[in-house]
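The next block holds one structure in the form of structure tokens; read it before the comments.
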Amino acid sequence: VQLQACGGGLVQAGGSLRLSCVASGRTFSSYVMGWFRQAPGKERRYVTSIARSGINTYYADSVKGRFTISRDNAKNTVYLQMDLLKPEDTALYYCAASTNFGSSSRPGEYDYWGQGTLVTVSS
């Protein structure tokens, strides 16, 4: 499966952005989908993930209550709504697809990755 993420940009602290990730192929609903981010000079970190059905969602503590993940299996798309953005949210954001079960919070659990979309939050 190929993943294409978009929606990044420059926003002021306290603002919002919505990222989208479109997957190719007809098996999108068979994957757990996740978002990770990587700030300059730092390792890639887990942000959030969503179960195949979209019912169960999981979040890193750093974004809980501010970010919301959702998916539309009919459109092969996963979304990341980011509210109350902080400068420390600045990073390259990646969507990823996993054949695992559960929260899948580790990069090694993901089989496919998108190219990343840059989010910059100014103070």
**OP:** Would you mention how many residues in segment 63-92 are of a type outside the set (K, R) and under 17 Å from T120 (Cβ atoms)?
**Re:** 13
Subject >> Of all residues making up segment 17-45, the number that are out of contact with any strand residue (DSSP E or B) (no Cβ under 6 Å at 6 or more places or on another chain) and of a type outside the set (D, E, K, R) >> reply: 8
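Table: residues versus (1) buried (at least 18 other Cβ atoms within 10 Å of the Cβ); (2) at pLDDT 95 or above; (3) in contact with a helix residue (DSSP H, G or I) (Cβ under 9 Å, 6 or more places away or on another chain).
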site	(1), (2), (3)
A5	yes, yes, no
G34	yes, yes, yes
D61	no, yes, no
K64	no, yes, no
N73	no, yes, yes
Original post:
What number of residues in segment 41-59 are within 20 Å of L118 (Cα to Cα) and either open to solvent by 70 Å² or more (accessible area, probe 1.4 Å) or touching an Asp or Glu at 6+ places or on another chain (Cβ under 8 Å) (or both)?
Top reply: 5
**OP:** Could you please tell me which pairs satisfy a Cβ distance under 6 Å, a separation of 6+ or placement on different chains, a first residue in segment 38-55 that is of a type in the set (G, A, S), and a second residue that is in a loop (DSSP other than H, G, I, E, B)?
**Re:** S49/S103; S49/S104
**OP:** Go through segment 26-82 and tell me which strands (runs of 3 or more DSSP E), entirely inside it, have 2 or more residues that are within 17 Å of S98 (Cβ to Cβ) and among the small types (G, A, S).
**Re:** none
Original post:
Among the residues of segment 12-25, how many are assigned to a strand (DSSP E or B) and open to solvent by 20 Å² or more (accessible area, probe 1.4 Å)?
Top reply: 5
Subject >> Selected residue (only one of Y94, Y58, Y112 is closer than 15 Å to Y31 by Cβ and touching a Gly at 6+ places or on another chain (Cβ under 7 Å)) >> reply: Y94
Original post:
What number of residues in segment 83-123 are in a loop (DSSP other than H, G, I, E, B), open to solvent by 20 Å² or more (accessible area, probe 1.4 Å) and not acidic (D, E)?
Top reply: 12
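The values are calculated or read from the model by the stated rules, or taken from the named source; none is laboratory data. What you see is a predicted model; the values in this text were computed from it and never measured. All Cβ positions, glycine included, derive from the backbone under ideal geometry; neighbour counts span all protein chains shown. To get the accessible areas, we keep the full protein, side chains included, count just its heavy atoms, and leave off ligands, DNA and RNA. Shrake-Rupley method; radii C 1.70, N 1.55, O 1.52, S 1.80 Å.
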